[in-house]
1. With a 10 Å cut-off between alpha carbons and a GNM built on the chain, which of Ile26, Ile159, Ile191 moves the most?
2. If N is the number of residues in segment 154-268, what value comes out of its Cα radius of gyration divided by 2.2 N^0.38 Å?
3. Go ahead and estimate [θ] at 222 nm for the chain from helices alone: -39,500 (n - 2.57) per DSSP H run with n ≥ 4, summed, over the residue count, rounded to 500.
4. Give me Rg over Rh for segment 1-71, both radii from the alpha carbons and Rh done the Kirkwood way, two decimal places.
5. If you wrap a convex hull around the alpha carbons of segment 57-126, what volume per residue comes out, as a whole number of Å³?
6. May I have the convex hull volume per residue, in Å³, for the Cα set of segment 183-225?
7. Send over a whole-number figure in Å² for the accessible area per residue of segment 47-117, probe 1.4 Å.
8. Mind checking the dipole of the chain: about its Cα centre, +1 per Lys or Arg Cβ, -1 per Asp or Glu Cβ, Debye to the nearest 20?
Amino acid sequence: MLDVIIRGGDVIDGTGSPRRRADVGIKGDRVVRIGEITEEAATVVDATGKVVTPGFIDVHTHFDAQVFWDGALTPSPLHGVTTALAGNCGFTIAPLSDDPADGDYLMRMLARVEGMPLESLREGVPWNWKTTAEYLDAIEGHLGINAGFMVGHSAIRRIVMKDDSVARQASPDELEAMKRLLRDGLEAGGIGFSSSWARTHNDADGHMVPSRYASREEIIELCRVTGEFAGTGLEFIPSVGPFEPWAIELMADMSAAAQRQLNWNVMSVNAMNLGDCQEKLMAGDYARQKGGKVVALTVPMTFGVRLSFASGFVLDAMPEWEHVMLLPRGEKLAAFRD
C-alpha cells in the first residue's frame, strides 16, 4: 500500500520529455511509481486539470542575507520553487575581510541595489565570516529548500581594492588577488561567477558598484577561472535597454573563455517590445559561433514596480538620469525643482 497517490495530473518530470497524463505514487519520502496506478494509498490527491512536477528552480534570487532570518526563503516555496540560486549580479556578502568597513559597504550596497531594509541587514546577519567557505558553513542547516550561491564580482573587488574598487581599473596584482578569492570560493562550493555593468547598479555612496569599474580583461580572466571548476556557470547584466554591439561581443567572449553557460538578466517580453527581445536573443546565436552559450533570463509575467526618488533604483536607467540619482539629497531636490 502506498502512502500517497497523486492521481490524474499532467506530469512534467524535468527531464525534457513531453508532459503526460499519469498518476504518481509515493512511499515514505520517495516517488516509487509513475504511470497508471491501481493499488490503494492512505491519501489520494485528485490532480485532474493540474500539473504535477518535482518543483521549480529559480535561477535568479538575492537570498544571500535573507537566509539568516528566514531559512524557508519565502515566498519562493509558496510558488513551487524547490531550488533557488543566489549571489547574482555580483552582489554577494562573502568573502569579507578583517576590516568591518568592507562588510558595511556590501551591506549598504545591497540595500541600495536590491531594496533590502538596512535594519534587517544589520540586525539579521551575523557578518562573522571571512571566506566564502565560512559563509557557506554558517548557512548550513538553515535552509528550507535547496540553494546554491555564486561568487560575486563586486564583493571580491571590494575586498581586494577597498575604496579604489569604485575608482579605477585593477592592477595586474589586484586581478591576481581577485582570481585567488574567486578560486577559493568556487573550491568551497560556489556555483559560479556573477557580475554587472548595468546602469541601474550604483552603491549607497553615489558611485557605480565595483564591478562597473572593471576592465573587459578583468571580467574575461575571472570567467576563465570559473571554467576551471566543473558544474559552474556565469551570470551577467550587460545593460538596460537595447543591446549595443559591445554587450553581445563581451558576453560571447565571457562564455567562450569559461566554456560555461552565461545567463544574462533580464528580458521582460510583451507585445510592445517583441522586436527588441528578438534582437537581444541574437546574442545567443553570436555566442554559439564563438564557441560559447549565452541564454536570456526572462520574466514570465508583468509586474508592478515601486520606485523611490530617494534611492533612485531603476530611475537611474533612464537616459541622463543616472547622474541626478547619484547626487546628494539636497542637490537632487534642487535638480527636481529645475
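1. The residue with the greatest mean-square fluctuation here is Ile26.
2. Values: Rg = 13.5 Å, N = 115, 2.2 N^0.38 = 13.4 Å.
That ratio works out to 1.01.
3. On the way: 10 runs with 109 residues, N = 338.
Result for the chain: -9500 deg cm²/dmol, rounded to the nearest 500.
4. Details: Rg = 15.5 Å, Rh = 13.9 Å.
Computed over Cα atoms, the ratio is 1.12.
5. Numbers: hull volume 6.1 nm³, N = 70.
Cα convex hull per residue, to the nearest whole number: 88 Å³.
6. On the way: hull volume 3.8 nm³, N = 43.
Measuring per residue, one finds 89 Å³ for the Cα hull of segment 183-225.
7. On the way: 2780 Å² over 71 residues.
That works out to 39 Å² for each residue.
8. Values: 32 positive and 47 negative charges, 144 e Å.
Dipole about the Cα centre, nearest 20: 700 debye.
The values are calculated or read from the model by the stated rules, or taken from the named source; none is laboratory data. Keep in mind the model is a prediction, meaning the values are calculated, not measured. Cβ coordinates were reconstructed from backbone atoms using ideal geometry, including for glycine residues, and neighbour counts include every protein chain displayed. Accessible surface areas use protein heavy atoms only, side chains included; no ligands, DNA or RNA. Shrake-Rupley method; radii C 1.70, N 1.55, O 1.52, S 1.80 Å.
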